[in-house]
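Engineer: After the structure tokens below, expect a handful of questions from me.
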Amino acid sequence: MVKTELNIKNVCKNWGIGLIIAGIIPFIFQGIFDTTIGIIALLLGIITLVFRKRWNMALIGAFIILIGALNIIIILKTQEQYLFLIAGIIQILIGIGALNEYHKAVEGRSKGEYKQNNSFNSWWKKQKTYEKILIIILFIIIAFGILGYLFGY
């Protein structure tokens, strides 16, 4: 278990730094990228660096897949800048990779920690109150950011 915990801490550190860098890029190239996505990436990167838990990998994977899907939808809608179509596909693949890392971290737990009832409900009960609030806030921010970007609010 110690090896898995050290590994997930290192993986979260790498993803957190990567997300912070990815979050800064939209501010440098404001004419090309949306700063709302940059802010969400920055927040997610900071949270990943601070908490370094397995659930961060699932959140990162879902975020990157949603951003990739958003890029694909926008390109198909506007029919411009087809390079972002390829970028969207790559983002979806990177998001799947992050979800695979989450899956490996969950599989790597010791048998004593793994329970037969491994449902979302049992996972949610294990989370601390501040982690639950943080997860809910992040999902709301990401949802509003994507919906606002998609519908131009």
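Engineer: So how far apart, in nm, are the two label points at residue 33 and residue 96 if each is 7 Å from Cα heading toward Cβ?
Structural biologist: Modelled inter-label distance: 2.3 nm.
Engineer: Per-residue HN-Hα couplings for the range 72-86, Karplus 6.51 cos²θ - 1.76 cosθ + 1.60 at θ = phi - 60°, whole Hz, x for Gly and Pro?
Structural biologist: Whole-Hz 3J(HN,Hα) from phi for the range 72-86: 5, 4, 5, 5, 5, 6, 8, 6, 9, 6, 5, 5, 5, 5, 5.
Engineer: In the range 13-27, whose amide N lies under 18 Å from the spot 7 Å out along Cα-to-Cβ of residue 50? List them in ranges.
Structural biologist: Residues 13-21, 23-24 fall inside that zone.
Engineer: At a temperature of 25 °C and a viscosity of 0.890 mPa s, determine how fast the range 1-101 diffuses translationally according to Stokes-Einstein, using the Kirkwood radius over alpha-carbon pairs as Rh; express D in µm²/s, rounded to the nearest whole number.
Structural biologist: Rounded, D is 175 µm²/s.
Engineer: Provide the FRET efficiency to the nearest 0.05 for the residue 137-residue 79 pair, computing r from the beta carbons and using R0 = 35 Å.
Structural biologist: Values: r = 35 Å, r/R0 = 1.01.
FRET efficiency, residue 137 to residue 79: 0.50.
Engineer: If you take the beta carbon distance between residue 14 and residue 122 as r and set R0 to 25 Å, what does 1/(1 + (r/R0)^6) give as a FRET efficiency, to the nearest 0.05?
Structural biologist: My answer for the efficiency is 0.30.
We did not get these values from a lab; they are worked out from the coordinates using the rules stated. Computed from a predicted model, the values in this text were never measured in an experiment. Note that we place each Cβ from the backbone using ideal geometry, even for glycine, and neighbour counts take in every protein chain shown.
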